[in-house]
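*Asks:* Sending over a structure as structure tokens; questions will come in a sec.
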Amino acid sequence: MILRLLRFARPAWGRLVIAVVFGVLALGSGVGLMAASAWLISRAAQHPPVLTLMVAIVAVRAFGLGRGVFRYVERLVGHDATFRILADLRARVYERLERLAPGGLPSFRGGDLLSRLVADVDAVQDLFLRVLLPCVVAAVVGGASVGLAWALLPSAGAVLLFALLLAGVAAPWLSSAMARRAERRTTDLRGELTLHVVDTLQGAPELIAYGAAPAQLAEATRLDRDFTRATARSATTAGAGAAISALAGGLAVWGSLAVGLPAVRSGVLDGVLLAVIVLLPLAAFEVVAGLPLAAQYMERVRRSATRVFAVLDSPEPVHDPDDPAPLPTAPYTLSVKNLRARWTPKAPYALDGISLDLTPGRRCAIVGPSGSGKTTLTAVLLRFLEPAGGQATLNGVDLRALRGDDVRQVIGLCAQDAHLFDSTIGENVRLARPNATEDQIRDALHRARVLDWVDSLPQGLDTHVGEHGAQVSGGQRQRIALARALLADFPILLLDEPAEHLDIATADALTADLLAATEGRTTLLVTHRLAGLDAVDEIIVLDEGAVTDRGTHDDLLTRPGTYRTLWTRERTTEPAQPL
């Protein structure tokens, strides 16, 4: 996983190298400042001529100024490189989600997927800012510090080397071993808590209505408590690593003093330099102080990367051809021959041998009970699901030979759960054509039979619809979605259960308006409502994925079958008043 993340970072390697260089200069300046200051203070105590101290004085000033400047540049360049890497990774995840939607997303739960996309991707930055850069800089500056101490007194260099290895290798290894389980648990609990919170917020009305809110909140409290405990264990691990590092630093100072005093007495070491080898470890340990925490971050990154790559490695439900065929030219004819489809390899066929032809301007309706395969048909035609048999063609070209994006330029969808964004009515409609004028938007709303209502609002097109369209009714939401589909001007329009979740009167009125708005346009209407279907050219009746009957509205009513049964049942149901 870590090597794969490093491959993602290849375009930013130049900036990362620059950040390492300035990080070395910053911490090196800290070590140089401590060493120069120690020598300057010790030598000044002997009251030498001022000129003999000028080099050290200038060096102290240079190291002091350079440390801040180099640190600023290192942070600036390092964060710039990391944010570029994160932007690229997040874009790849978005692109993968686009390829997975909608057929490949059910394997991920909504809240957990949000956690992967936000928290886990953000955690990847720690690999570069808090693991790689500190480790490389610590290796370079720590080695240089040992070299300086060794040049002054080999035994002092050996003491410093041992202490740095203890703080920079043993402490991180121990932190990593202790953090492995804690980080795994923390990451999983973060995803579970996010999922639970999202579910609670989305289902709040039902939870309150059925009195289940206290139990749901109690579960959220339990997850939060477990997450807090796991986070506390991670903090304990970090504290243990920091304690070992501080202990090693103290040992290095006392060890240097222990070997330095005899060396001064024997004349091997100049007394002025004793302060240098004693104080040098204080600056040198700044470079390894964060390594135990870096080891903990490494475990966090590894776990988060596993969750991110689980999304990136998920198999696509539909594969675009390596050498796609060019999109045919208009006018378009959509033909389906003996089509079979299922959502998983071992599942029963949701479609089993359906055939139909949509010539330019022809309108067909697909009806049948719930679970008969109506929505599966739209998924296949939109290249959201691979067919398991048969063929669907556009002007004679198999849809599997075309790019999915090309197919969706010709075949558009207005779904039963069409999403409205938390924006204005105008912006929600303009989504279909960003460069559309206000007149074009108003024309689409007029054809969707909703313009009069929009004009009656105080803010008109600038009226906000709320999150998920919560500020408008279900019928208005579907009409706005239809206006968006009409503005897109797809040559072939699929209407998938547009009247779902609406009361009977509103559903019938919306269906009638849909049929009026799509007159003369190639249309496939998937619906469980039969009112108004006398306006379509052909009705295909599905049951358990197979065609059980087909014909015009009048033809189907003349013979016994599913359609006449559904029609009779619908006619004998007392219409409810629209809300």
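*Asks:* Which is among the hydroxyl-bearing types (Ser, Thr, Tyr), surrounded by 16 or more Cβ atoms within 10 Å (Cβ to Cβ) and closer than 30 Å to residue 368 by Cβ, of 424, 511? Show your work before the answer.
*Replies:* On the way: 424 fails: closer than 30 Å to residue 368 by Cβ.
None of the other options fit; the residue is 511.
*Asks:* Give just the number: which of (1) assigned to a loop (DSSP other than H, G, I, E, B); (2) out of contact with any Pro (no Cβ under 6 Å at 6 or more places or on another chain) does residue 332 not satisfy?
*Replies:* (2)
*Asks:* Continuing with the same structure: Being among the acidic types (Asp, Glu) and touching a residue at least 60 places away in the same chain (Cβ under 8 Å) is the filter; apply it to the range 277-326 and report the residue that is surrounded by the most Cβ atoms within 10 Å (Cβ to Cβ).
*Replies:* Here the answer is 299.
*Asks:* Could we say that residue 22 is touching an Asp or Glu at 6+ places or on another chain (Cβ under 6 Å), aromatic (Phe, Trp, Tyr), touching a residue at least 24 places away in the same chain (Cβ under 8 Å) and over 30 Å from residue 307 (Cα atoms) here?
*Replies:* Here the answer is yes, as residue 22 does meet what is asked.
*Asks:* Pick from 356, 351: which is of a type in the set (A, V, I, L, M), in contact with a Gly (Cβ under 7 Å, 6 or more places away or on another chain) and at pLDDT 85 or above?
*Replies:* On the way: 356 fails: in contact with a Gly (Cβ under 7 Å, 6 or more places away or on another chain).
One residue alone meets the criteria, 351.
*Asks:* Taking the options 41, 85, name whichever one is touching a residue at least 40 places away in the same chain (Cβ under 8 Å), in a helix (DSSP H, G or I) and closer than 30 Å to residue 316 by Cα.
*Replies:* 85
*Asks:* Got at least one residue in the range 302-325 being outside any loop (DSSP other than H, G, I, E, B), over 22 Å from residue 411 (Cβ atoms) and of a type in the set (S, T, N, Q)?
*Replies:* yes
*Asks:* Here is a follow-up. Looking at the range 234-242, is at least one residue modelled with pLDDT of 75 or more and surrounded by 15 or more Cβ atoms within 10 Å (Cβ to Cβ)?
*Replies:* No: zero hits.
*Asks:* Of all residues in the range 73-88 being surrounded by 15 or more Cβ atoms within 10 Å (Cβ to Cβ) and of a type in the set (Gly, Ala, Ser), which is farthest from residue 21 (Cα to Cα)?
*Replies:* Checking each candidate, the answer is 81.
*Asks:* What strands (runs of 3 or more DSSP E) lie completely within the range 521-564 and have 1 or more residues being over 20 Å from residue 381 (Cα atoms) and not polar (S, T, N, Q)?
*Replies:* Details: elements: 522-526, 538-543, 546-551.
Answer list for the range 521-564: 546-551.
*Asks:* Same structure again: Which helices (runs of 4 or more DSSP H) does the range 414-507 wholly contain that include 3 or more residues that are under 27 Å from residue 367 (Cβ atoms), outside the structural domain of residue 357 (by TED's automatic domain parsing) and among the small types (Gly, Ala, Ser)?
*Replies:* In the range 414-507, there are no helices (runs of 4 or more DSSP H) which contain 3 or more residues that are under 27 Å from residue 367 (Cβ atoms), outside the structural domain of residue 357 (by TED's automatic domain parsing) and among the small types (Gly, Ala, Ser).
*Asks:* Pull up the range 379-412, narrow it to residues that are under 27 Å from the mean Cα position of the chain (by Cα) and assigned to a helix (DSSP H, G or I), then point me to the one that is farthest from residue 344 (Cα to Cα).
*Replies:* For the range 379-412, the residue satisfying everything is 409.
The values are calculated or read from the model by the stated rules, or taken from the named source; none is laboratory data. Just so you know, these numbers come straight off a predicted model, no measurement behind them. Using ideal geometry, Cβ is built from the backbone for each residue, glycine included, and neighbour counts are taken over all protein chains shown.
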